[in-house]
Amino acid sequence: MASEGKLIVNRSKVGIIGAGISGLAAAKQMKQLDPVVFEATDSIGGVWKHCSFDSTRLQTPRKDYEFSDYHWKDREDPTFPTHTEIVEYLDGYATHFDLYKYIRFDSKVVEVCYKGDKDKAGFTELWGDNGKPLPGHAVWQVGVRSGDSQTIQWYEFEFLVMCIGKYGDLPRMPVYPYKKGPEVFKGKVMHSMDYCKLSKEETQNMMRGKKVVVVGYKKSAIDLAVECAEANQGPDGQPCTMVIRTLHWTVPSYSIWGLPFFLFFSTRSSQFLHERPNQGTLRSLLCNLSSPVRSGVSKFIESYLSWKLPLDKYGLRPEHPFVEDYASCQMAILPDNFFKEADKGMIKFKKSSNWWFYENGIELEDHTRLEADVVLLATGFEGKKKLRSVLPEPFCGLVEDSSGLMPLYRGTIHPLIPHMAFVGYIESVSNLHSSELRSKWLARLLHGHFNLPSVEGMFKQTSEELEVMKRTTRFYKRHCISTFSINHSDEICEEMGWTSWRKGNWLSEIFSPYNNQDYNNEEEVEEGGDDVVYEKES
């Protein structure tokens, strides 16, 4: 047995790994199962607490980033919340719903063992124990190291929910030619993950008066460049240079030619123009016929951004359509002073597909050399690698399919990994909304309110979603469902037995944006099966 030689200190039905947004959403929805939540750090909040810069702000308005049953106190405030405000909001949520009693802080999961039937770990007809998420006995063992202790304590669960996220912990590092890596560079090299751990004073001292190169052009890189420019104000200041491999569209606000941004992508009428999974022959025909309209919407937005922002002046206009960035969740909201600092000469831009280090800086593929004292790498994170480091064989080898994506049914269940769920690994317009709705779906699955399809049926659904993403954007490996997010939520609602149209009248259904408040329900999920009323319809 896998438990031989291990002292089991706790047996529970459900274990949750991670106390970021997804972990909190899962814990709240599964309160009746008395979950145990392991958090490696000393606080909740995930990346908002441990992987944010001083200038980091939310990318969406407050109303679009709140739990369905817990409002922002200042939800009418039009400004984007800071990372500090978000952590305070999450603390209020956890306190209001008494979630802290489930969380074990400073508890790092160092090993996960499977003690269930190994025959269930492959391609069987039904997922898990004949399709049941809770088999009635422990199938997972979790080894946890608390605080500074080197002792591993073992816990057993019938079901595990992985909420350790795609960002933070494991940085994605560039690959360099032989003897052209950081070891030849005399200056300082730092990934954005380590930059986050510094205080504002420490970051300013590191960059002030220094030649700084920022590698990347997504949100983190843009924020780093602005902080660098702000630290170098004054006569001794040095400009920051951004080295850009792939250009992406940036947006100054959620308004396009005076029209609210949600009109273009976040209503049923706007998403009707876009392909979605399982849409049928007639709708596929209509979708093909609407291709010029989709292209026109993208060009309409591009025309505004090219007029509003000095993209051509700095050579920052992407060659791909705007819709491809939106469809891959890569649209970044610009800080107000980003191009102001560029106009002052404090932020400069260089485009290069490849680069490497030399003694005094970095060299681009055209052999241009940029002198540098500090090189900051905003090159992303290895979320799937982090998962693989925790999961045992053979499951760690199943995390990604041949396309490089996680095949997650309803964004939650891997068809080949039994009695385990993943929350927070597929992106959408609002990741908080996605995590909460999937947690509601998962709680009802665990309580037996519906059954999963066969393994083959789940794979068919995930494959269909992948093909839609491939046809929508070249950046499909980001695993984003933003262009069919309402349909995705519809299918989740229908599977739970909810009404999929949530607005109450057809006019709002067609033209109003969807947000988390549309999925609020007043009654907690209960055990008991299909005869239980688990939602009060409005």
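The count of lysine pairs in the stretch 162-230 whose Cα atoms are under 20 Å apart, excluding pairs fewer than 8 places apart on the same chain, comes to 18. Kirkwood analysis of the Cα pair distances in the stretch 1-149 returns a hydrodynamic radius of 17.6 Å.
Summing charges over neighbours of LYS186, with a neighbour being any other residue whose Cβ is under 15 Å away from its Cβ, gives +1 when K and R count +1 and D and E count -1. Using the Karplus relation 6.51 cos²θ - 1.76 cosθ + 1.60 with θ = phi - 60°, the per-residue 3J(HN,Hα) values for the stretch 176-181 come to 10, x, 4, 6, 10, x Hz, with x marking Gly and Pro.
Let's test the formula: R0 of 51 Å, r as the Cβ-Cβ distance of ASP236 and ASP117. What FRET efficiency results, to the nearest 0.05? For R0 = 51 Å, the calculated efficiency reads 0.15. For helix 291-308, report the angle its Cα long axis makes with the longest principal axis of the Cα atoms of the chain; keep it between 0 and 90° and round to the nearest 10°. Long axis of 291-308 versus the principal axis of the chain: about 40 degrees. In the context of the full protein assembly, CYS493 retains an accessible surface of approximately 0 Å², using a probe radius of 1.4 Å and ignoring ligands and nucleic acids. Using a Förster radius of 45 Å, what is the FRET efficiency between ASP194 and ARG283 based on their Cβ-Cβ separation? Nearest 0.05, please. FRET efficiency, ASP194 to ARG283: 0.40.
Among ARG75, ARG317, ARG268, the sequence by solvent-accessible area, most first, with a 1.4 Å probe is ARG317, ARG75, ARG268. Fully extending the segment from TYR314 to THR499 would add 61.7 nm, taking 0.36 nm per residue of separation and subtracting the current Cα-Cα distance.
Restricting attention to the stretch 253-399, lysine pairs at least eight places apart or on different chains and with alpha-carbon atoms under 29 angstrom apart total 21. By the equivalent-ellipsoid construction on the alpha carbon gyration tensor, the stretch 129-267 comes out with semi-axes of 40, 28, 16 Å, ordered largest to smallest. Label positions at GLU183 and SER12, each projected 7 Å from the Cα along the C-beta direction, are separated by 4.5 nm.
Tell me the mean residue ellipticity at 222 nm calculated for the chain from its helices only (DSSP H runs of n ≥ 4, each -39500 (n - 2.57), averaged over every residue, nearest 500).
Per the formula, -8500 deg cm²/dmol.
Once the piece of chain linking SER352 and GLU382 is laid out straight, how much longer is it, given 0.36 nm per residue of separation minus the C-alpha distance between them?
Stretched out fully, the SER352 to GLU382 stretch lengthens by 8.6 nm.
Computed with every protein chain present, the accessible area of GLU464 is close to 60 Å² [probe 1.4 Å]. For the stretch 381-441, the extents of the C-alpha atoms along the principal axes are 31, 26, 20 Å, listed from largest to smallest.
The values are calculated or read from the model by the stated rules, or taken from the named source; none is laboratory data. Given the structure is predicted, the values throughout are model-derived calculations rather than measurements. Positions of Cβ are generated from backbone atoms using ideal geometry, with glycine treated the same way; all protein chains shown enter the neighbour counts. Side chains are part of the model used for accessible areas, which takes the heavy atoms of the whole protein and leaves out ligands, DNA and RNA. Shrake-Rupley method; radii C 1.70, N 1.55, O 1.52, S 1.80 Å.
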